[in-house]
Amino acid sequence: DTSGKTITCRAAIAWAANSTLSIEEVQVEPPKAGEVRIKMASTGICGTDDHAIKGLISALFPFIPGHEGAGIVESIGKGVSSVKPGDKVLTLAIPQCRECSSCLHPKGNFCEKQDVLSSSGLMLDGTSRFTCEGKKIHHSFRTSTFTEYSVVPEIAVAKIDDAAPMDKVSVISCEVPTGYGAAVNSAKVTCGSTCVVYGLGGIGSASVMGCKASGASRIIGVDINEEKFPWARALGVTDCLNPRKLKKPVQQVVMEMTGVGADFAFEAIGLSDVMLVAWDSCHLSHGVCLIVGLAPLNSKLSLDASMIISGRTLKGVCLGDYKTRDCIPQLVTGYLQNKINIDPLVTHQLPFDQLHKAFELYHAGKTIRCVLLF
Ligand code: APR
Ligand code: ZN
């Protein structure tokens, strides 16, 4: 029985911006009040983790990356009531405290206890549960999943169905709600509509799935890596565009293809330039541009201000606007009931100790999602 004891296990540490992750022996303290210690079963590698490791978004080094995790509760701290040891859970990069102004409002999900924007890398009490050779190691996004064991606040943990296949459902922790949810729940893509998705990686592919599931009749997929096109077509993309091979700006091509602009545009890369391109691809009057990708620190969006009057909507969305603890477990149930098929989103699975190979595949653009297995 490990409860109440410090656990020594393997974890990947990002020691400094842009350095290669190194797998180290770490000490994981027991969970304090309101915290949960999780034995990780699988974790996805998300674009956001890569941005954090490169130091492009807010992160405090050294830290243990990863937020897209599925695992089993090993032990709980005082006062924890929503999960118990042995429960299957997902980690949540946006928590749901159920007390803050965001959680209490019927719309939106950006809980005030989130740690993605201006990240502290610490638990809610301002301390860390990880050390390596006596040095304090930071958490990331309230989660940290590139580790055999992690400590996560209860508000960032969702209990899921006992029948969930743990080698796959980690993608329902981020990729599926972020992409699929942006289309189905946030944009509420309409039947017969035209959509354009910029970026056909994990998040963009999940957005395509959401557009298709909502009955979109045309889905234009845009990526600079044509290796993503066959996967995208299989998920429902009707037209693939590589902006580097076009003679005109891609937004102009989308305008010409649709005549009037797309009803819905999704930016699933995290580049401010592409966000503007997505905006310019939308129907002037009713078009909705959803920003799904997380842009690097300090990047700015510069729009033609006069164009705003036309009625287009620019909307940011994080984890599909789902109140995370309430809604994300329902996506797992939907998968088990064959209502959402996440299988095509997981293109690779590798053991945790092949993390470097997984990142090589990711950087080479060979994966939609590679899931690491513990
Ligand atoms: N134009 C079009 N496509 C691009 C461009 C570009 N300028 N630059 C990159 N891409 C493509 C890549 O080829 C890749 O297929 O965007 C895709 C990004 O996918 P992933 O790297 O798999 O990242 P993903 O996990 O999908 O995350 C995307 O969402 O959550 C956020 O922070 C995350 O900003 C990131 C975004
Ligand atoms: Zn909250």
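The values are calculated or read from the model by the stated rules, or taken from the named source; none is laboratory data. Worth saying up front: this structure is predicted, and the values here are computed from it rather than measured. Cβ atoms come from the backbone with ideal geometry, glycine included; neighbour counts cover every protein chain shown. Side chains included, ligands, DNA and RNA excluded: accessible areas come from the protein's heavy atoms. Shrake-Rupley method; radii C 1.70, N 1.55, O 1.52, S 1.80 Å.
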Seminar exercise, completed: For the stretch 103-191, whose charge dipole is built from +1 on Lys and Arg Cβ atoms and -1 on Asp and Glu Cβ atoms, the candidate among Ser150, Gly108, Ala164 with its Cα farthest towards the positive end is Gly108
For this session: Run the accessible area of the stretch 212-289 with a 1.4 Å probe and give the carbon-and-sulfur part as a rounded percent.
Result: 55
Seminar exercise, completed: quick note, the chain, DSSP beta bridge pairs, % antiparallel (nearest 5) is 55
Exercise. Counting GluC sites (Glu not before Pro) as exposed when in a DSSP loop with at most 14 other beta carbons within 10 Å, what is the longest stretch of the chain free of them?
Worked result: 134-374
For this session: Of the DSSP beta bridges with both residues in the stretch 90-231, give the percent that are antiparallel, rounding to the nearest 5.
Result: 50
Problem set entry | Restricting the stretch 99-202 to chymotrypsin sites (Phe, Trp or Tyr not before Pro) in coil, as DSSP defines it, with at most 13 other Cβ within 10 Å | none
Exercise. How much net charge surrounds His105 when only other residues with a Cβ under 14 Å from its Cβ are counted (Lys, Arg +1; Asp, Glu -1)?
Worked result: -1
For this session: Go through the stretch 260-337 and name the trypsin sites (Lys or Arg not before Pro) that are in a DSSP coil and have 12 or fewer other Cβ atoms within 10 Å of their Cβ.
Result: Lys300
Seminar exercise, completed: Filtering trypsin sites (Lys or Arg not before Pro) in the stretch 1-42 by DSSP loop and by at most 14 other Cβ atoms within 10 Å leaves Lys5
Exercise. With labels modelled as points extended 7 Å from the Cα through the Cβ direction, what inter-label distance (nm, one decimal) is found for Arg244 paired with Glu99?
Worked result: 5.0
Problem set entry | Solvent exposure of the stretch 86-147 as accessible area per residue, Å², 1.4 Å probe | 40
Seminar exercise, completed: Result for the stretch 270-355: accessible area per residue, probe 1.4 angstrom, in square angstrom, of 48
Exercise. How far apart, in nm, are two points set 7 Å out from the Cα along the Cα-to-Cβ line at Glu112 and at Val260?
Worked result: 4.3
Problem set entry | Förster-model FRET efficiency, 35 Å R0, Lys84 and Lys136, C-beta, rounded to 0.05 | 0.75
Exercise. Which FRET efficiency value, to the nearest 0.05, do you get for Ser299 and Lys54 by plugging their Cβ-Cβ distance into 1/(1 + (r/R0)^6) with R0 = 22 Å?
Worked result: 0.95
Exercise. Carbon-plus-sulfur fraction of the accessible area of the stretch 53-177, 1.4 Å probe, in percent?
Worked result: 56
Exercise. Which residue fluctuates the most in the chain, going by a Gaussian network model with Cα springs under 10 Å, if the choices are Ala305, Ala268, Ala183?
Worked result: Ala305
